[in-house]
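Trainee: Take this structure, written in structure tokens, and hold onto it; I'll ask about it next.
The values are calculated or read from the model by the stated rules, or taken from the named source; none is laboratory data. The structure presented is a predicted model; accordingly, all values stated were derived computationally and were not measured. A quick note on method: Cβ atoms are made from the backbone with ideal geometry, for glycine too, and the neighbour counts reach across all protein chains shown. Note: areas computed on protein heavy atoms with side chains; ligands, DNA, RNA excluded. Shrake-Rupley method; radii C 1.70, N 1.55, O 1.52, S 1.80 Å.
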Amino acid sequence: MTALQWLMLPLVGAAGGFLAGMLGVGGGIIFIPLLTWLFASLGLPQEEIVRFTLANSILLVVVSGLTGTWKQHRLGEWQWLKVLIIGVPGAIVSYIITYAIQHGDWYSKDRFNMVFLFFLAISTANMIF
């Protein structure tokens with residue numbers, strides 16, 4: 001990695017954290033394009049770029065979910081029934097999707113970009129309205 005890339009990572013990370021904290025948008029708006037660019041600049045194949053970007057995004061979601069869960073438990077607002085009703089089916093679907101991504105050849109960079117732009121447009125509209 002170049003010195004510019006090393007300098008850029010914490011700066012973009014701070015910008016993503018600021019947007020997430022101040023505006024309530026996910027840091028993925030910043031991090032997904034950054035990770036895609038970074039992995040491409042490191043010379044990784046397109047298939048691996050998509051997989052690495054998804055893995056990093058999923059890790060961020062897991063860490064965010066665990067910290068939110070810890071906070072809710074600490075405040076005494078943890079609701080086990082809702083966890084079972086929402087969390088268990090969500091975990092099953094997540095496993096199925098992860099399996100499909102790892103073992104399928106249906107995933108492409110163009111499709112990934114279109115889905116990302118779609119959700120970016122929804123997030124932008126949500127912030128505006």
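Trainee: Would you mind telling me the share, in percent, of accessible area of the range 33-83 contributed by carbon and sulfur at probe 1.4 angstrom?
Mentor: Values: 2540 of 3660 Å².
Answer for the range 33-83 is 69 percent, counting heavy atoms of protein chains only.
Trainee: Relative to 2.2 N^0.38 Å, what does the C-alpha radius of gyration of the range 27-102 come to as a ratio? Two decimals please.
Mentor: On the way: Rg = 15.8 Å, N = 76, 2.2 N^0.38 = 11.4 Å.
Scaled against compact globular proteins, the figure is 1.39.
Trainee: Can I ask one more? Per residue, how much accessible area does the chain show when a 1.4 Å probe rolls over the protein heavy atoms, in square angstrom?
Mentor: Computed with neighbouring chains in place, this is 74 Å² per residue.
Trainee: Among 45, 3, 65, which residue has its Cα furthest toward the positive end of the charge dipole of the chain, with +1 on Lys/Arg Cβ and -1 on Asp/Glu Cβ?
Mentor: 65
Trainee: Continuing with the same structure: How many angstrom separate the Cα center of the range 103-129 from the Cα center of the range 13-77?
Mentor: Here the two parts' Cα centres lie 15 Å apart.
Trainee: Given q = 0.14, 0.17, 0.23 Å⁻¹, what are the Debye log10 I(q)/I(0) values for the range 1-65, with equal point scatterers placed on the Cα positions and solvent ignored?
Mentor: Here the Debye-derived log intensity ratios amount to -0.42, -0.62, -1.03.
Trainee: How high is the relative contact order of the chain, in percent, counting Cα pairs under 8 Å that sit 6 or more residues apart?
Mentor: Computed value for the chain: 23 percent relative contact order.
Trainee: If I build a Gaussian network model for the chain, linking alpha-carbon pairs within less than 10 angstrom, which residue out of 42, 84, 59 has the largest mean-square fluctuation?
Mentor: Ranking 42, 84, 59 by mean-square fluctuation puts 84 first.
Trainee: With 10 Å bins from zero, work out the P(r) of the range 71-110 over every alpha carbon pair and list the percent per bin.
Mentor: Binned Cα distances yield the sequence 25, 30, 24, 17, 4.
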